[in-house]
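Presented below is the structure to which this report refers.
The values are calculated or read from the model by the stated rules, or taken from the named source; none is laboratory data. In this text the structure is predicted, and so the values were computed from the model without any measurement. Note that we place each Cβ from the backbone using ideal geometry, even for glycine, and neighbour counts take in every protein chain shown.
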Amino acid sequence: MITLIYWICCLAARKVCEFTQNTTWEQFQADELMQNGVMRQIQIIGEAARKVSLQYQQEHPEIVWQKIIGMRNRLVHEYFRIIPERVWDVVEKDIPELIRLIEPLVPPDENPNKLGG
């Protein structure tokens, strides 16, 4: 199960990078469709992180589990208070770091078909 969670986080984080590749803050700020696509992927990452047991979170303190879950909660429940600059900070700083930390935890031969059954 944990491999699936890491795989989901990795996939969603890579999508954020793909969506924002060669994008400036100004372009991101002006593109509501891009913002919504990025926020959806961040929600997916947070939802997957919520499924990680407290024990496993404690075994991997290098991953900021509560920060990830907190961002998901803000995007889902406080959407009227979303600050685009904060989302952009996540894109620029947190997503690359998350990929760096999680990619080594996903076995290289894993793929969606194997994980699904």
If you take the residues in the range 31-42 that are surrounded by 11 or more Cβ atoms within 10 Å (Cβ to Cβ) and among the hydrophobic types (A, V, I, L, M, F, W, C), which one is farthest from A12 (Cα to Cα)?
-> M34
Could you list, in sequence order, the residues of the range 4-61 that are at pLDDT 95 or above, polar (S, T, N, Q) and under 16 Å from the mean Cα position of the chain (by Cα)?
-> T20, Q21, Q35, N36, Q41, Q43
Inspect the range 83-92 for any residue being buried (at least 16 other Cβ atoms within 10 Å of the Cβ), out of contact with any Phe, Trp or Tyr (no Cβ under 8 Å at 6 or more places or on another chain), under 18 Å from L11 (Cβ atoms) and modelled with pLDDT of 90 or more and give the result as yes or no.
-> yes
Of the criteria (1) under 16 Å from A13 (Cα atoms); (2) out of contact with any Leu (no Cβ under 9 Å at 6 or more places or on another chain), which one V76 fails | (1)
Residue pairs meeting the criteria (Cβ under 6 Å; at least 6 apart or on separate chains; first within 16 Å of W65 (Cβ to Cβ), in the range 89-105; second in a helix (DSSP H, G or I) and of a type in the set (A, V, I, L, M, F, W, C)) = I95/A13; I95/V16; L98/A13; I99/A13; I102/C9; I102/C10
Would you mind telling me which numbered condition in (1) in contact with a Ser or Thr (Cβ under 9 Å, 6 or more places away or on another chain); (2) within 22 Å of L4 (Cβ to Cβ) Q43 fails?
-> (1)
Taking the range 48-80 and keeping residues buried (at least 18 other Cβ atoms within 10 Å of the Cβ) and among the charged types (D, E, K, R) leaves R72, R74
Any pair with Cβ under 6 angstrom, 6 or more apart, that starts in the range 1-25 at a residue that is farther than 19 Å from E47 by Cβ and ends at one that is part of a helix (DSSP H, G or I) | T20/V91; W25/W88
Under 7 Å between Cβ atoms, at least 6 apart or on separate chains: pull out the pairs that start in the range 64-81 with a residue that is farther than 12 Å from I44 by Cα and end on any residue that is among the β-branched types (V, I, T).
-> W65/V52; R74/I82
